[in-house]
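This structure is in C-alpha cells; I'll ask about it shortly.
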Amino acid sequence: MLLIVTLFFILNADAQNLGPTVNTEGDEYINQVFPDSIVFTRRSGNEFIFTSKIIDGQYQPAELLNFGWHNDYWIGAMCFSSDMKTLYFVGIDYPGGYGRGDIYKSEYVDNQWSEPINIGKPINSVTMESQPCISADGKEMYFVRDTKSNKSNIYFSQYLQGEWSAPQSIATINTRFGEMAPFIHPDGRTLFFASEGHNGMGGYDIFVCRKLNNGTWSQPVNLGAPVNSDKNEISFVVSSDGKKCYVSSDRDGGFGGYDIYVFDFKDINMPEIVDTTHFVMRNINFEFDSAVLQESSYQAIDSLANFLKENPSINIEISGFTDDSGTEEHNQKLSLDRANSIKEALINKGIEAIRMTAVGYGSGNPLKPNDTEENKALNRRVEIIIL
C-alpha cells in the first residue's frame with residue numbers, strides 16, 4: 001500500500017529579504033524565477049510587472065518589464081510558458097472584458113510580443129479571474145476565480161483539441177475562505193498555493209499537495225517554518241533549477257507591505273511522498289487522552305468531506321494510531337474511538353456511512369521509534385486509505 005507521510009520539523013533557516021533593489025514600501029508579489037532573473041508584480045497605487053536580474057547572487061535594481069504594447073492599464077500576476085514564447089497575465093479593467101479581471105495572452109512572434117488578446121470563455125467569466133500559472137507542458141492552466149462571498153478559489157483547465165476545457169474547482173484545496181496564487185511545479189504533480197482556510201500559522205500560509213494516480217489531489221500540507229510565519233504568505237514560486245524558492249510575505253522587518261524573500265529549497269518542509277493511495281492527516285487534533293475532536297480539526301475534515309463529495313465512487317478506511325504510552329488495550333480502544341469520531345464528523349457533513357470503515361490499530365505500525373516526544377507525536381496520527 002502506498003503512503004504519503006507528512007513530516008514536520010522546525011528548520012533553522014532564515015528568510016533572506018531581497019532588499020531595496022526589489023522591495024519597496026508597496027507590495028511585491030513573486031510570479032516566476034529564472035536562472036538569471038526574477039519576475040514579480042508591484043502594487044503601489046497600480047499594478048505592473050517588474051524584473052530584477054540576478055548577477056553573482058545579487059538582485060539588481062528592478063526595472064519595468066516592457067512588452068512593447070500599450071501598457072497604461074493595470075497588469076497583475078503573470079507567467080511565461082516554458083519555451084518563453086507565450087505570456088499569460090491578468091488584465092484589470094480592460095475594455096471589452098468579461099469581468100473586472102480577465103486572463104489575457106501575448107505571443108512572441110518575429111522578435112516582438114503581440115498585442116494581448118482575451119483568452120475568453122470558459123476560463124474568463126463575469127467574476128474576476130487572475131493569477132494564471134501554466135504547466136511545463138502547456139496543457140494545464142491553474143488560476144484564481146473570485147467566489148460569491150468575495151473570497152477566491154483555485155481552478156484548473158486543460159488545453160484539449162485547441163481550446164481550454166471548462167474550469168474545475170480543486171475540491172481538496174478550496175474552502176469557504178480564500179485560496180490563491182497557484183504554482184504548479186515542473187513535475188506537473190506538485191501544486192503550491194496560499195490559503196487562509198486550512199490550518200495555518202497565521203493569516204494566509206503556503207501549502208502543498210500532490211496529484212494522485214486517479215487524477216484527484218491529496219490533502220494539503222502546510223509548509224511550516226521558515227516559509228510560513230505568524231503573518232501572511234501569499235505567493236510562492238520555485239526557481240527553474242529547483243534550488244531556490246521565493247515567497248511574498250508581510251512579516252515583520254520588511255520594507256513595507258508585502259516583500260519577497262528567498263530560501264534554499266532544501267530547507268523547506270516538503271512532505272515525504274512514498275505513495276499516493278494512503279495519507280496521514282496531520283491537522284486532526286483531539287482532547288488529551290480522548291476521542292473528542294478539537295475545533296481546529298474541522299477545516300481538515302471539511303476538506304476531506306469535499307474530496308469525498310467530489311469523488312462519490314471512492315470509499316475510505318479511517319485508521320487510528322497512538323504512541324506506546326498506556327496499555328495496549330487502552331490504546332486500541334482510544335485509536336478506534338478516534339477513528340469513529342472522524343467517521344461521525346464526516347457523516348454529519350453528508351458522507352454516507354457505508355463509504356467509510358473505522359479501524360483502530362493502537363500503537364501498532366509506528367512511523368518512528370517511540371523514543372522521543374517528537375517521534376511519539378508523529379505516531380499519534382490518523383491515516384486515510386483510499387480503498
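The values are calculated or read from the model by the stated rules, or taken from the named source; none is laboratory data. These numbers were taken from a predicted model, which means no experiment stands behind them. FYI the Cβ positions are ideal-geometry reconstructions off the backbone, even for glycines, and counts take in every protein chain you see. Note: areas computed on protein heavy atoms with side chains; ligands, DNA, RNA excluded. Shrake-Rupley method; radii C 1.70, N 1.55, O 1.52, S 1.80 Å.
Looking only at region 303-313, which residues are modelled with pLDDT of 80 or more and within 18 Å of the chain's Cα centre (by Cα)?
If the condition is that a residue be modelled with pLDDT of 80 or more and within 18 Å of the chain's Cα centre (by Cα), then Leu304 is the only one that fits.
Would you call Ala300 open to solvent by less than 50 Å² (accessible area, probe 1.4 Å), at pLDDT 80 or above and either more than 29 Å from Ala77 (Cβ to Cβ) or outside any strand (DSSP E or B) (or both)?
Considered against the rule, which asks whether it is open to solvent by less than 50 Å² (accessible area, probe 1.4 Å), at pLDDT 80 or above and either more than 29 Å from Ala77 (Cβ to Cβ) or outside any strand (DSSP E or B) (or both), Ala300 comes out as no.
Same structure again: Being open to solvent by 30 Å² or more (accessible area, probe 1.4 Å) and either modelled with pLDDT under 90 or farther than 23 Å from Glu25 by Cβ (or both) is the requirement here; does Trp74 meet it?
Yes; evaluated as a whole, the condition is true for this residue.
I need a count of the residues in region 44-70 that are among the charged types (D, E, K, R), in a strand (DSSP E or B) and either under 15 Å from Tyr246 (Cβ atoms) or free of Cβ contacts under 8 Å to residues at least 40 places away in the same chain (or both).
Of the residues in that region, 2 qualify.
Further question: Return the residue satisfying two criteria in turn: it lies in region 25-63 and is open to solvent by 40 Å² or more (accessible area, probe 1.4 Å) and touching a Lys or Arg at 6+ places or on another chain (Cβ under 7 Å), and of such residues it is modelled with the highest pLDDT.
Gln60
While we're looking at this one, here's another question. Of the numbered conditions (1) surrounded by 15 or more Cβ atoms within 10 Å (Cβ to Cβ); (2) under 23 Å from Gly178 (Cβ atoms), Pro122 satisfies every one except a single condition; which is it?
Just one mismatch for Pro122, condition (1).
Given the conditions (1) open to solvent by 10 Å² or more (accessible area, probe 1.4 Å); (2) modelled with pLDDT of 85 or more; (3) in contact with a Pro (Cβ under 8 Å, 6 or more places away or on another chain), which single one is not true for Phe207?
Condition not satisfied by Phe207: (1).
Now a separate question. Going through Glu140, Glu129 one at a time, which residue ends up being open to solvent by less than 20 Å² (accessible area, probe 1.4 Å) and closer than 26 Å to Ile75 by Cβ?
That would be Glu129, the only listed residue that is open to solvent by less than 20 Å² (accessible area, probe 1.4 Å) and closer than 26 Å to Ile75 by Cβ.
Residues Phe183, Phe143, Phe207, Phe156: which one is out of contact with any helix residue (DSSP H, G or I) (no Cβ under 8 Å at 6 or more places or on another chain), of a type in the set (Phe, Trp, Tyr) and more than 16 Å from Tyr88 (Cβ to Cβ)?
Phe207
Residues that are under 27 Å from Lys309 (Cβ atoms) and modelled with pLDDT of 95 or more: list the strands (runs of 3 or more DSSP E) wholly contained in region 98-184 that include at least 1 such residues.
Hits in region 98-184: 129-134, 140-146, 152-160, 179-184.
In addition: Among the residues of region 356-378, which ones are buried (at least 20 other Cβ atoms within 10 Å of the Cβ) and modelled with pLDDT under 80?
The answer is Leu378, and nothing else.
Same structure, new question: List the pairs whose first member sits in region 165-183 and is closer than 12 Å to Gly197 by Cβ, whose second member is surrounded by fewer than 20 Cβ atoms within 10 Å (Cβ to Cβ) and hydroxyl-bearing (Ser, Thr, Tyr), and whose Cβ atoms are under 8 Å apart, counting only residues at least 6 apart or on separate chains?
Here the result reads Thr172/Thr216; Arg176/Ser149, each pair linking region 165-183 to a residue that is surrounded by fewer than 20 Cβ atoms within 10 Å (Cβ to Cβ) and hydroxyl-bearing (Ser, Thr, Tyr).
Just to be sure before I move on: is Val33 within 27 Å of the chain's Cα centre (by Cα) and part of a strand (DSSP E or B) in the structure I sent?
The answer is yes for Val33.
Here's something else I'd like to know. Which members of region 77-93 meet the condition of being open to solvent by 30 Å² or more (accessible area, probe 1.4 Å) and under 15 Å from Gly120 (Cα atoms)?
Selection gives Asp93 alone.
Right, something else. Test Gln112 against the criterion of being touching a residue at least 40 places away in the same chain (Cβ under 8 Å) and in contact with a strand residue (DSSP E or B) (Cβ under 6 Å, 6 or more places away or on another chain), and give yes or no.
No; evaluated as a whole, the condition is false for this residue.
Residues checked against (1) surrounded by fewer than 20 Cβ atoms within 10 Å (Cβ to Cβ); (2) at pLDDT below 90:
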{"position": "Ile316", "(1), (2)": "no, yes"}
{"position": "Glu328", "(1), (2)": "yes, yes"}
{"position": "Gln332", "(1), (2)": "yes, no"}
{"position": "Asn348", "(1), (2)": "yes, no"}
{"position": "Ile354", "(1), (2)": "yes, no"}
